[in-house]
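Q: Here it is: the structure, laid out below.
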Amino acid sequence: RFDVVIVGAGHGGAQVAVMLRTQKFEGSIAIIGDEPELPYERPPLSKEYFAGEKEFERIQLRPAKYWDEREVTMLLGKRVVSVDPAAHVVTTDGGETIGYGKLVWATGGAPRMLPIPGGDLPGVQGVRTRADADAMKAASETAGQIVVIGGGYIGLEAAAVLTKAGKKVVLLEALDRVLARVAGEELSRFYEKEHRDHGVDLRLGVSVAAIEGETRVTGVRLADGEVIPADLVIVGIGIVPAVEPLVAAGAEGGNGVLVDGLCKTSLPDIYAIGDCAAHENHFAEGACIRLESVQNANDQANVVAKGIVGDEAPYHAIPWFWSNQYDLKLQTAGLSTGHDQAVLRGDPATRSFSIVYLKAGKVIAIDCVNATKDYVQGRMIVTAGLVATAEQLADAGTPLKELLP
Ligand code: FAD
C-alpha cells in the first residue's frame, strides 16, 4: 500500500509527485505507468525528438536519480485495469494488486483510430508515445509518400517535420480549414498557406472511406473513389481519454472523468487530472471541457498535490499552448471558442503577427505567431478580461499591456 498512487507516468502524473515532494509530503508515493520509460515530455515527439534534434535522454522530465532520491516508486510497464474504490485497491494487467490512500488518475488518452476498413492495418500510425514516434520515424525513412489524416496540431506538426526531412506529404482534413476546432479562420488560412508553400499537398473537405492494403497500407481511398498512394499513414484525429477502469468503477464521466474544481472525481479519495479530466473551466465560461495541454496537466497536478497536503485551492489557471511548425512558433493563451470578433495585429505576410479574440467586447484569447512579446502581454490582457476596441488591439505599435487600466 502506498499513501498516494498515481496512475499514468506522463506529464500530469510526474508533476503530482514532484509537487508533493516540493510541498514536503513525507508519505509513500508510487507511479504506475504502462509505458516502459520514466516520464518524458510528449510535445517533442512530433517536433525536436522526431527531427533528431533532441535525444530521448533530453526529453525525460527528470533523471532516474531524481525519482530515487525523492523515494518515488516507479512501477513501469504495468497497466491498471481495474479500480476498487471501496477497498482502495487497483489491479494491474499482470494481476498485481496495489493499495492506495489517495489515487490520482493521470492517464491521458490513446490516439483515436479511424473507424473505417483498413483503419488498423500495419503502417497506420497514431502519435502519442515514444514508441509511436520511433515507429513513425522508422517507417518514414523508407516511405515514398506519406499521408497525414487530420489537420489539427499533431497532424500539422507531423506534416512539417516529415516535409523538413524531405518527405512527400499529403495532408487530408475533413473540414474546410485546418485547426478548425482551436483557432479562428485567419490563423487556419495562414497555416494552410505555409504548409502548401513548403510543399505539402493539403486537401480540405475530404472524407476518407478506407485504408487500402493487403498486409500493409498501400493507399488511402477517399469517399469520391480516388486512391492516394501511401507507404505510411499518420492519423491525428484526436484522442480517446483512457478512463475505462475508472468509469467501470462508478466514476461519473464518459468522454473523460468528471472532476470538480479541486480535481476530485465522484469517487472517494480519487482525483483525475490532465487530458482525461473533464472540468468546468473558468476561461470557457464554466463549460465542462477537457484540455489537452502540458499547462493543464501541470496546473491540475499542482492543485491535487496541494490539496493532498491540505492547501486546497481550486483550479483557475489560464490555458496556454504552443506549437512549432517549420520556423514558426505559435503560442496561444486563453480559449477562443465562441469568439464573435477576431482582430489581427501585424501582417501575416511578415510571418510575425497575432490574432486577438473577443466575445461581447471582452478579450478571451490570443494566438501569436513568432510574436513572443504579444504572447506574454496577451496572457495579461486575457487574464484581466480586458475590454478594448478592435482599433486599439489592431495597433501593433502599441504594446498590449498599455491597454490595461
Ligand atoms: P500523458 O502525458 O499522456 O500521460 C499519461 C500516461 O498514462 C501515458 O504514459 C499513458 O500510456 C499512461 N496510461 C494510460 N492508461 C494507463 C493505465 N490504465 N495504467 C497505467 N498507465 C496508463 N501540449 C502542449 O501544451 N504543447 C504542445 O506542443 C504539445 N504537443 C504535443 C505533441 C504530441 C505528439 C502529443 C502526443 C501531445 C502534445 N501535447 C502538447 C499534449 C500534451 O503532451 C498532453 O496534453 C499531456 O501529455 C497531457 O498529460 P497527461 O499527464 O494528461 O497525459
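The values are calculated or read from the model by the stated rules, or taken from the named source; none is laboratory data. None of these values were measured; they are calculated from a predicted model. When we count neighbours, we look across all protein chains shown, and the Cβ atoms used for this are built from the backbone with ideal geometry, even at glycine.
Q: Let me confirm something: among E71, E41, which residue is out of contact with any Asp or Glu (no Cβ under 6 Å at 6 or more places or on another chain) and surrounded by fewer than 18 Cβ atoms within 10 Å (Cβ to Cβ)?
A: Numbers: E41 fails: surrounded by fewer than 18 Cβ atoms within 10 Å (Cβ to Cβ).
From the options E71, E41, the qualifying one is E71.
Q: Collect the residues in the range 68-103 that are among the basic types (K, R) and closer than 18 Å to D34 by Cβ, keeping them in residue-number order. Quick ask: steps written out before the conclusion?
A: Initially, the range 68-103 is screened for residues among the basic types (K, R), giving 70, 78-79, 102.
Once the filter is applied, which keeps residues that are among the basic types (K, R) and closer than 18 Å to D34 by Cβ, the range 68-103 yields K78, R79.
Q: Could you give me the residue pairs with C-beta distances under 6 Å whose first residue belongs to the range 306-330 and is farther than 18 Å from A278 by Cα, whose second residue is part of a helix (DSSP H, G or I) wherever it lies, and which are 6+ apart or on separate chains?
A: S323/Y153; Q325/L156; Q325/E157; Q325/A160; Y326/A160
Q: Filter the range 208-228 down to the residues that are of a type in the set (A, V, I, L, M, F, W, C) and surrounded by fewer than 20 Cβ atoms within 10 Å (Cβ to Cβ) and list them by number. Quick ask: steps written out before the conclusion?
A: As a first pass, look at the range 208-228 and keep what is of a type in the set (A, V, I, L, M, F, W, C): 208-211, 217, 220, 222-223, 227-228.
Of everything in the range 208-228, those that are of a type in the set (A, V, I, L, M, F, W, C) and surrounded by fewer than 20 Cβ atoms within 10 Å (Cβ to Cβ) turn out to be A209, A210, L222, A223, V227, I228.
Q: L335: out of contact with any Ser or Thr (no Cβ under 8 Å at 6 or more places or on another chain), at pLDDT 95 or above and more than 22 Å from A384 (Cα to Cα), yes or no? Steps first, please.
A: Working: out of contact with any Ser or Thr (no Cβ under 8 Å at 6 or more places or on another chain): yes; at pLDDT 95 or above: yes; more than 22 Å from A384 (Cα to Cα): no.
No, not satisfied.
Q: Then there is this: Run A138 past the list (1) in contact with a strand residue (DSSP E or B) (Cβ under 9 Å, 6 or more places away or on another chain); (2) within 30 Å of E173 (Cα to Cα); (3) modelled with pLDDT of 95 or more and report the number of the one that doesn't hold.
A: Status for A138: all satisfied but (1).
Q: Another question, if that's okay. Within the range 15-100, considering only strands (runs of 3 or more DSSP E) that don't extend past its boundaries, which have at least 2 residues that are more than 10 Å from the ligand (Cβ to nearest atom)? Before you say what the answer is, go through the steps one by one.
A: Details: elements: 29-33, 72-76, 80-84, 89-92.
The qualifying strands (runs of 3 or more DSSP E) are 29-33, 72-76, 89-92.
Q: Restricting attention to the range 62-69, does a residue exist that is of a type outside the set (F, W, Y) and within 21 Å of V240 (Cα to Cα)?
A: First pass over the range 62-69, keeping only residues of a type outside the set (F, W, Y): 62-65, 68-69.
From what is left, the residues that are within 21 Å of V240 (Cα to Cα) are none.
No, the range 62-69 has no match at all.
Q: For a quick check of your reading of the model, give me the residue pairs whose first member lies in the range 111-125 and is within 16 Å of the ligand (Cβ to nearest atom), whose second is part of a loop (DSSP other than H, G, I, E, B), with beta-carbon atoms closer than 7 Å and at least 6 apart or on different chains.
A: P111/V127; P111/R128; R112/I237; R112/G238; M113/G119; M113/D120
Q: For the range 229-241, name all the residues that are surrounded by fewer than 22 Cβ atoms within 10 Å (Cβ to Cβ) and under 20 Å from the mean Cα position of the chain (by Cα).
A: Step one: of the range 229-241, the residues surrounded by fewer than 22 Cβ atoms within 10 Å (Cβ to Cβ) are 229, 231, 237-240.
Scanning the range 229-241 gives I237, G238, I239, V240.
Q: Of the numbered conditions (1) modelled with pLDDT under 95; (2) not in a loop (DSSP other than H, G, I, E, B), V220 fails exactly one; give the number of that condition.
A: (1)
Q: List every residue pair whose Cβ atoms sit under 6 Å apart, with the two residues 6 or more apart in sequence or on different chains, where the first one lies in the range 148-169 and is within 18 Å of R181 (Cα to Cα) and the second, anywhere, is part of a helix (DSSP H, G or I) and hydrophobic (A, V, I, L, M, F, W, C).
A: Sorted first by the residue in the range 148-169, then by its partner, the pairs are V148/A158; V148/A159.
Q: Consider A160 carefully, then state whether it is at negative phi, crowded, with 20+ Cβ neighbours inside 10 Å, among the aliphatic types (A, V, I, L, M) and part of a helix (DSSP H, G or I). Please lay out each step first, then the result.
A: Details: at negative phi: yes; crowded, with 20+ Cβ neighbours inside 10 Å: yes; among the aliphatic types (A, V, I, L, M): yes; part of a helix (DSSP H, G or I): yes.
Spelling it out, A160 is indeed at negative phi, crowded, with 20+ Cβ neighbours inside 10 Å, among the aliphatic types (A, V, I, L, M) and part of a helix (DSSP H, G or I).
Q: Are any residues in the range 101-110 more than 30 Å from G219 (Cα to Cα), assigned to a strand (DSSP E or B) and within 9 Å of the ligand (Cβ to nearest atom), and if so, which ones?
A: Correct list: W105 only.
Q: Can you work out which of the residues in the range 251-288 that are within 12 Å of the ligand (Cβ to nearest atom) and on the phi > 0 side of the Ramachandran plot is surrounded by the fewest Cβ atoms within 10 Å (Cβ to Cβ)?
A: Checking each candidate, the answer is G256.
Q: For the range 244-292, how many residues are assigned to a strand (DSSP E or B) and either hydrophobic (A, V, I, L, M, F, W, C) or over 22 Å from V89 (Cβ atoms) (or both)?
A: Number of matching residues: 12.
Q: What's the total number of residues in the range 1-14 that are near the ligand (Cβ under 10 Å from one of its atoms) and either at pLDDT below 95 or in a strand (DSSP E or B) (or both)? Explain how you work it out, then say what you get.
A: Let us first name the residues in the range 1-14 that are near the ligand (Cβ under 10 Å from one of its atoms), namely 6-14.
Those still in the list that are either at pLDDT below 95 or in a strand (DSSP E or B) (or both) too: 6-7.
The number of residues fulfilling the criteria is 2.
Q: Shifting gears a bit: For A86, which of the numbered conditions (1) modelled with pLDDT under 95; (2) loosely packed, with under 14 Cβ neighbours inside 10 Å; (3) aliphatic (A, V, I, L, M) fails to hold?
A: In the conditions (1) modelled with pLDDT under 95; (2) loosely packed, with under 14 Cβ neighbours inside 10 Å; (3) aliphatic (A, V, I, L, M), A86 misses (1) alone.
Q: Out of all the residues in the range 177-189, is one or more part of a helix (DSSP H, G or I), free of Cβ contacts under 8 Å to residues at least 40 places away in the same chain, within 25 Å of the chain's Cα centre (by Cα) and crowded, with 16+ Cβ neighbours inside 10 Å? Walk me through it before giving the result.
A: Kept after step one, since they are part of a helix (DSSP H, G or I), are these residues of the range 177-189: 185-189.
Narrowing further to those that are free of Cβ contacts under 8 Å to residues at least 40 places away in the same chain: 188-189.
Going one step further and asking which of them are within 25 Å of the chain's Cα centre (by Cα), we end up with 188-189.
Of the ones still in play, those that are also crowded, with 16+ Cβ neighbours inside 10 Å are 188.
The answer is yes, given that some residue of the range 177-189 is part of a helix (DSSP H, G or I), free of Cβ contacts under 8 Å to residues at least 40 places away in the same chain, within 25 Å of the chain's Cα centre (by Cα) and crowded, with 16+ Cβ neighbours inside 10 Å.
Q: Search the range 293-341 for residues being of a type in the set (D, E, K, R), surrounded by fewer than 21 Cβ atoms within 10 Å (Cβ to Cβ) and not in a strand (DSSP E or B), and hand back the single one that is farthest from the ligand (Cβ to nearest atom). Full working, then the answer.
A: Going residue by residue through the range 293-341, those that are of a type in the set (D, E, K, R) are 299, 306, 311-312, 327, 329, 340.
Among the residues that remain, those that are also surrounded by fewer than 21 Cβ atoms within 10 Å (Cβ to Cβ) are: 306, 311-312, 327, 329, 340.
Applying the additional criterion that residues be not in a strand (DSSP E or B) yields 306, 311-312, 327, 340.
On the way: K306: 17, D311: 21, E312: 21, D327: 15, D340: 26 Å.
For the range 293-341, the residue satisfying everything is D340.
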